[in-house]
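The values are calculated or read from the model by the stated rules, or taken from the named source; none is laboratory data. All figures in this text were calculated on a predicted structure; none of them were measured in a lab. Virtual Cβ from ideal backbone geometry, glycine too; neighbours counted across all protein chains shown.
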Amino acid sequence: MIRNLKPQLRFSSSCSQANVELNVVPFFRTEQSSNDYISSLYKQKQYNEALEAFDFLRKNTNHSMSLSCYAYLISACSSLRSLDNGRKVHGHILASKFQPDIILYNHILNMYGKCRSLKDARKVFDDMPERNVVSWTSVIAGYSQNGKGHDAIELYYQMLKSGIMPDQFTFGSVVKACSGGGNVGLGRQLHAQVVKSEVGSHLIAQNALIAMYSKFDQIDDAWNVFSRIATRDLISWGSIIAGFSQLGYDREALCHFKEMLCHGDYQPNEYIFGSVFSACSSLLHLEYGRQIHGICIKFGLGRNIFAGCSLCDMYARCGFLDFARIIFNQIERPDLASWNAIIAGVANNSNVNEALSLFARMRHLRLIPDGLTVRSLLCACTSPLALSQGMQVHSYIIKMGFDSSVSECNTLLAMYAKCSTLSSAFLVFEELGKNADSVSWNSILTACMQHNQAGEIFRLLKLMLVSQNKPDHITLINVIGACAEIASMEMGNQVHCYIMKTGHVLDVYVMNGLIDMYIKCGSLEIARELFDFMEDPNVVSWSSLIVGYAQFGCGVESLELFRRMKSQGVRPNEVTLLGVLSACSHVGLVEEGLQLYRNMETEYGIIPTREHCSCVVDLLARAGHIHEAEAFINQMALDPGVVVWKTLLAACKTHGNVDVGERAAENILKIDPTSSAAHVLLCNIYASSKRWEDVARLRSSMKEMGLRKIPGQSRIEVKNRMNVFFAEDSNHPERDRIYTILEELWLQMLDEDCIQFQIEASTEPHT
């Protein structure tokens, strides 16, 4: 008997006769030694050598194979996923004098399942003279592993009808099959059968149930199964940690990982580390992620592909691209998922050139990109400067045939919108045609919103309503935003009715959009009614109404709402405090406003922005404290910018302060020499002070620079038609009627003492 022989030769059918005589003959002299030698190769996990030895034996000897040796060869084919060799061995079995026993049949079934040849597996299964639980389980597992969940479940019920009871492996396979089908009800039925069976407490079935409930988004059920397992193994922990991570319960995933380590009996594998790194990535918890990275290295998985891929993604998402690059370069033979992780990380940081460089390296290694690769590349193109690179990726998408994929087209559409090429975005959308899904519609609507194309949004909405895709909350938020942009109360009311009809009125984001829309359309009363209707308004809801009251000059109501918001434990954000500062300005509460500004960082954790500083300047200047407002600007930690100085300049016009006004205008023109607003405001300040020479000088300077005041405009909606009016417009088709009615209204206001005015003898001295 020859046992545990080490191979002396890598067999090949082209071996020379001399080599055969010298090396091979000793192992193949007898039938027993031949079988023992092949068995020895298999036991040493030298599967290729075992199959080559079999091939040599088949072609050069007349020896028969034992059933056990056939089983080893079939198992070698399973391990290598080698369908061709599996069919050769199976053919040799059929041609031999042996009748396979049920054990060998089961090995053959398992091999065909793992080699993804379900047709062969089913033929063998149907031809078997007798079947046991292993036979049924092998073919069920084959269907389950190859995405044929429905067939696996159907076969499972046939097995029950045949009178054969499932074991833990059967339950594991059929539960996995159920996971892929998405049928929660059937999953619960299987769970009940597992509990009733004798193998209900076995780990394989329990672990499969945890994975199934996680895939069904039923994390509570997954946790219940996990918590009832008396003795858990690594797969149990890995399944529940992965479930928490995949469903967004990232803190729970990290807590259970820590609990697993505290037991001290388990050594995490690459899949558990992958789930934990993904959780850290979602939480942007870099410090915790780095600690786990150290544990990963300690367990010798620092260069593992699966763990390294998730680790690379974590560092990239947390903004540490240098670390992500180091991790990627340490991975031995990175696969497509690893390349996608580093490309996505670079792309999310808008580094389009590096993303394309990595893409070129990946293609040089003959790795074939998938949809995720090209979507990541498109996400890197986020500005008009990256349009050229985005078009290159678009060309590649067409070349590789990805343009037939809705997901890739949606990303392509968004890329063109970000690159300010709305016409190209529309072309992509139109090419989708009936294949456009809700993401496609929302992408083009968002693009129109970003480019102030309110009319297009309403046109697209009408088309969407007659398509197979119906508006969701994202669609409605875009449409509401368009109504707010053009202050269209009529269209806004129609959208509001649709929202109530479809039940979206319970969506807090949609309600916030409606509140903002009604405020911008001038209907503060309806906005307040909507706010009071909300069961649980968030900080955006409160902020919208607070800002709305402030904009309408209702400072008292705005401040009262702010106090109520704080009493209910809602923490204000930057927008809330802008509204409150504006309210203080309207009401004249200078000290209260200044106190709020001073406490922003210490009490609310909010660092003041230019907009907050501009509100403080307005607060001081509106109360007549012009010099204090100027001093505040000069002491700002931030660069004031144009907006802050314009606020002061406008106040100087109101209060007739020429000196401060000149300094404010000078600072604006240093930043923007072509600012027509600064020239016009300063000109008006000079005119109010009767400094006509300065007025003439400034107007002459504006004329030389080609500057002219951009006329103000207003809009009014009448009978579903939006009318736009410009200040001092002489080109409107109904200008004569408009000015006649305005003059009549003006005279009526004078007669009724509605306004106080002062007529100056002349705006300029006579020359």
Across the range 553-580, what is the total count of residues that are crowded, with 16+ Cβ neighbours inside 10 Å and more than 35 Å from the chain's Cα centre (by Cα)? 5
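Considering only residues of the range 136-169 that are among the polar types (S, T, N, Q) and within 14 Å of residue 197 (Cβ to Cβ), which is modelled with the highest pLDDT? Walk me through how you get there before you give the answer.
Start the filter on the range 136-169 by keeping residues that are among the polar types (S, T, N, Q), which leaves 137-138, 144-146, 158, 162, 168.
So of that shortlist, the ones also within 14 Å of residue 197 (Cβ to Cβ) come out as 137, 168.
Details: 137: 91, 168: 86.
Among those residues, the one meeting the criterion is 137.
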Looking for something at pLDDT below 90, in the same structural domain as residue 109 (by TED's automatic domain parsing) and among the small types (Gly, Ala, Ser) - is there at least one such residue anywhere in the range 72-81? no
I'd like to know if the range 569-591 contains one or more residues that are free of Cβ contacts under 8 Å to residues at least 24 places away in the same chain, outside the structural domain of residue 619 (by TED's automatic domain parsing), touching a helix residue (DSSP H, G or I) at 6+ places or on another chain (Cβ under 7 Å) and on the phi < 0 side of the Ramachandran plot. no
Kindly indicate whether any position in the range 260-272 is crowded, with 21+ Cβ neighbours inside 10 Å and not in a helix (DSSP H, G or I). yes
Here the qualifying pairs (Cβ atoms under 9 Å; residues six or more apart or on different chains; first in the range 224-239 and free of Cβ contacts under 8 Å to residues at least 40 places away in the same chain; second among the basic types (Lys, Arg) and outside any helix (DSSP H, G or I)) come out as 226/232
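Name the residue, out of 165, 111, 128, that is without any contact (Cβ under 8 Å) to a residue 60 or more places away in the chain and buried (at least 21 other Cβ atoms within 10 Å of the Cβ).
Working: 165 fails: buried (at least 21 other Cβ atoms within 10 Å of the Cβ); 128 fails: buried (at least 21 other Cβ atoms within 10 Å of the Cβ).
Of the residues listed, the single one that is without any contact (Cβ under 8 Å) to a residue 60 or more places away in the chain and buried (at least 21 other Cβ atoms within 10 Å of the Cβ) is 111.
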For residues that are in a helix (DSSP H, G or I), out of contact with any Leu (no Cβ under 6 Å at 6 or more places or on another chain) and not basic (Lys, Arg), tally how many sit in the range 430-443. 9
Within 27 Å of residue 362 (Cβ to Cβ) and modelled with pLDDT under 90: which single residue out of 284, 336 fits that description? 284
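Condition (residue is in contact with a Cys (Cβ under 6 Å, 6 or more places away or on another chain), surrounded by fewer than 22 Cβ atoms within 10 Å (Cβ to Cβ) and not β-branched (Val, Ile, Thr)) applied to the range 468-482: is it met by at least one residue?
Start the filter on the range 468-482 by keeping residues that are in contact with a Cys (Cβ under 6 Å, 6 or more places away or on another chain), which leaves none.
Among the residues of the range 468-482, not one is in contact with a Cys (Cβ under 6 Å, 6 or more places away or on another chain), surrounded by fewer than 22 Cβ atoms within 10 Å (Cβ to Cβ) and not β-branched (Val, Ile, Thr), which makes the answer no.
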Among (1) under 28 Å from residue 506 (Cβ atoms); (2) modelled with pLDDT of 90 or more; (3) not small (Gly, Ala, Ser), the one test that residue 448 misses: (2)
Being at pLDDT below 90, touching an Asp or Glu at 6+ places or on another chain (Cβ under 7 Å) and not assigned by TED's automatic domain parsing to the domain that holds residue 47 narrows 199, 174, 194 down to just 199
Which members of the range 42-74 meet the condition of being closer than 20 Å to residue 110 by Cβ and crowded, with 18+ Cβ neighbours inside 10 Å? 42, 47, 50, 51, 54, 65, 69, 70, 71, 72, 73, 74
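Against the definition (surrounded by 22 or more Cβ atoms within 10 Å (Cβ to Cβ), over 26 Å from residue 436 (Cα atoms) and among the small types (Gly, Ala, Ser)), how does residue 488 come out, yes or no? Full working, then the answer.
Working: surrounded by 22 or more Cβ atoms within 10 Å (Cβ to Cβ): yes; over 26 Å from residue 436 (Cα atoms): yes; among the small types (Gly, Ala, Ser): yes.
When the stated conditions are applied, residue 488 passes them.
Quick check on my filter: what residues within the range 666-690 are more than 45 Å from the chain's Cα centre (by Cα) and not basic (Lys, Arg)? Please lay out each step first, then the result.
So in the range 666-690, the residues more than 45 Å from the chain's Cα centre (by Cα) come out as 666, 679-690.
Within the range 666-690, 666, 679, 680, 681, 682, 683, 684, 685, 686, 687, 688, 689 meet the criteria.
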Within the range 163-171, is even one residue part of a loop (DSSP other than H, G, I, E, B) and closer than 22 Å to residue 225 by Cα? yes
Tally the residues that are among the hydrophobic types (A, V, I, L, M, F, W, C) and under 19 Å from residue 174 (Cβ atoms), restricting the search to the range 230-262. 1
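Please indicate, with yes or no, whether at least one residue in the range 341-348 is surrounded by fewer than 20 Cβ atoms within 10 Å (Cβ to Cβ), within 24 Å of residue 249 (Cβ to Cβ), at pLDDT below 90 and not aromatic (Phe, Trp, Tyr).
Taking the range 341-348 first, the residues surrounded by fewer than 20 Cβ atoms within 10 Å (Cβ to Cβ) are 348.
Adding the requirement that they be within 24 Å of residue 249 (Cβ to Cβ) leaves 348.
Then drop every residue that is not at pLDDT below 90, which leaves 348.
Of the ones still in play, those that are also not aromatic (Phe, Trp, Tyr) are 348.
Checking the range 341-348: at least one residue is surrounded by fewer than 20 Cβ atoms within 10 Å (Cβ to Cβ), within 24 Å of residue 249 (Cβ to Cβ), at pLDDT below 90 and not aromatic (Phe, Trp, Tyr).
Residue by residue, here is whether (1) at positive phi; (2) modelled with pLDDT under 90; (3) in contact with a Lys or Arg (Cβ under 9 Å, 6 or more places away or on another chain) holds:
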site: 219; (1), (2), (3): no, no, no
site: 231; (1), (2), (3): no, yes, no
site: 234; (1), (2), (3): no, no, no
site: 241; (1), (2), (3): no, no, no
site: 244; (1), (2), (3): no, no, yes
site: 249; (1), (2), (3): no, no, no
site: 257; (1), (2), (3): no, no, no
Tally of residues being touching a residue at least 24 places away in the same chain (Cβ under 8 Å) and farther than 23 Å from residue 620 by Cα across the range 651-672: 2
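Would you confirm, using the coordinates I've provided, whether residue 179 is touching a Ser or Thr at 6+ places or on another chain (Cβ under 7 Å) and under 20 Å from residue 207 (Cβ atoms)?
Numbers: touching a Ser or Thr at 6+ places or on another chain (Cβ under 7 Å): no; under 20 Å from residue 207 (Cβ atoms): yes.
For residue 179, the condition - touching a Ser or Thr at 6+ places or on another chain (Cβ under 7 Å) and under 20 Å from residue 207 (Cβ atoms) - is not met.
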If you check every pair at least six apart or on different chains, which have Cβ atoms under 8 Å apart with a residue in the range 82-104 that is surrounded by 13 or more Cβ atoms within 10 Å (Cβ to Cβ) first and a residue that is small (Gly, Ala, Ser) and modelled with pLDDT under 90 second? 96/64; 98/64
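Would you check if there is a residue in the range 597-609 being of a type outside the set (Val, Ile, Thr) and either more than 30 Å from residue 571 (Cβ to Cβ) or in a loop (DSSP other than H, G, I, E, B) (or both)?
From the range 597-609, those of a type outside the set (Val, Ile, Thr) are 597-601, 603-605, 608; that's our starting set.
Still in the list and also either more than 30 Å from residue 571 (Cβ to Cβ) or in a loop (DSSP other than H, G, I, E, B) (or both): 605, 608.
Scanning the range 597-609 turns up at least one residue that is of a type outside the set (Val, Ile, Thr) and either more than 30 Å from residue 571 (Cβ to Cβ) or in a loop (DSSP other than H, G, I, E, B) (or both).
From the list 295, 240, which residue is assigned to a helix (DSSP H, G or I), of a type in the set (A, V, I, L, M) and buried (at least 23 other Cβ atoms within 10 Å of the Cβ)?
Details: 295 fails: buried (at least 23 other Cβ atoms within 10 Å of the Cβ).
Answer to the check: 240.
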